[in-house]
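Structure first, then comments.
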Amino acid sequence: GMVDAMRNGGASDLLDKAGVELYIHNLENPAADRFLAFISEELYPFIAKNYRIQSDNLGLFGHSYGGLFTTYAALQPKTIFRNFGASSPGILPGASTVFKLHADAAAAGGLSERNLHLTVGTRELTVPGLYQYMVGGGSIEFIRTAGTTPVKGLNFSSKLMEDESHMTLAHPAAFEVMRQYYLAR
């Protein structure tokens, strides 16, 4: 599977041996719940206390592993966020927790009103390699799942960003999310 491929050099163009082992450790020992709790229960109250914010329209954006986390956060039953932007999320095809969370949300009758916009670069789909499998394959599978099994309350949208790769997509995707949710139309 994915772990074996990474250990056997499948990510050698991206990570050194220590980086591969850390990535595998994080896959096998997820901490998304703790990180989301930190953001919601510690970071958000600090920001709300010290800065002027629009608390009824909070957003979360992430790229790559952060995009996976953002997708995960968007599918939680309770959230402080209304808008989510997931850029090149590292969704493993068929195996990612986000597929189960999506199914659970659909089975539970839906989620509170929120938006999730997922972006993928066309080069992530067409250039052979790890990103094509992880980002391209998993993202397309999630887009298909979200499109064929809508979750009540989750306003899902997606966009393929022309000529963007995993390394070039973060900024255009962030601007896309800001335009989508925060600029007056």
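The values are calculated or read from the model by the stated rules, or taken from the named source; none is laboratory data. The model shown is predicted, which means the values in this text are computed figures rather than measured ones. Cβ placement follows ideal geometry from the backbone for every residue including glycine, while neighbour counts extend to all protein chains displayed.
Only residues that are over 30 Å from residue 106 (Cα atoms) and assigned to a helix (DSSP H, G or I): list them for the range 155-185, please.
Hits for the range 155-185 are 171, 172.
Do we find that residue 46 is under 14 Å from the mean Cα position of the chain (by Cα) and either at pLDDT 95 or above or within 25 Å of residue 150 (Cβ to Cβ) (or both) in this structure? If you could, list the steps in order and put the result at the bottom.
Working: under 14 Å from the mean Cα position of the chain (by Cα): no; either at pLDDT 95 or above or within 25 Å of residue 150 (Cβ to Cβ) (or both): yes.
No: the conditions fail for residue 46.
Restricting attention to the range 32-59, and to residues there that are in a helix (DSSP H, G or I) and small (Gly, Ala, Ser), which single residue is farthest from residue 155 (Cα to Cα)?
The initial filter retains those residues of the range 32-59 that are in a helix (DSSP H, G or I), namely 32-50, 55-57.
Subset that is small (Gly, Ala, Ser): 32, 37, 40, 48, 55.
On the way: 32: 22, 37: 23, 40: 21, 48: 26, 55: 19 Å.
Checking each candidate, the answer is 48.
Among the residues in the range 86-94, are any free of Cβ contacts under 8 Å to residues at least 12 places away in the same chain and not hydrophobic (A, V, I, L, M, F, W, C)? Steps first, answer last, please.
If we filter the range 86-94 for residues that are free of Cβ contacts under 8 Å to residues at least 12 places away in the same chain, which is where we start, we get none.
Within the range 86-94, not a single residue is free of Cβ contacts under 8 Å to residues at least 12 places away in the same chain and not hydrophobic (A, V, I, L, M, F, W, C).
Return yes or no: is residue 62 in contact (Cβ under 8 Å) with a residue 24 or more places away in the chain, within 20 Å of residue 141 (Cα to Cα) and outside any helix (DSSP H, G or I)?
Numbers: in contact (Cβ under 8 Å) with a residue 24 or more places away in the chain: yes; within 20 Å of residue 141 (Cα to Cα): yes; outside any helix (DSSP H, G or I): yes.
Yes: the conditions hold for residue 62.
Can you tell me which residue within the range 85-117, out of those that are buried (at least 19 other Cβ atoms within 10 Å of the Cβ) and more than 13 Å from the chain's Cα centre (by Cα), is farthest from residue 181 (Cα to Cα)?
105
Could you please find all residues in the range 49-66 being modelled with pLDDT of 95 or more and among the aliphatic types (A, V, I, L, M)?
Hits for the range 49-66 are 58, 60.
Write out, first by first residue and then by second, each pair whose Cβ atoms fall under 7 Å of each other, whose residues are 6+ apart or on separate chains, and whose first residue, in the range 16-36, is among the hydroxyl-bearing types (Ser, Thr, Tyr) while the second is surrounded by 11 or more Cβ atoms within 10 Å (Cβ to Cβ) and not in a helix (DSSP H, G or I).
If the second residue must be surrounded by 11 or more Cβ atoms within 10 Å (Cβ to Cβ) and not in a helix (DSSP H, G or I), the pairs left are 23/15.
Please note which helices (runs of 4 or more DSSP H) are completely contained in the range 67-150 and include at least 2 residues that are at pLDDT 95 or above and not acidic (Asp, Glu).
Values: elements: 97-107, 122-126, 138-148.
Helices (runs of 4 or more DSSP H) meeting the threshold: 97-107, 138-148.
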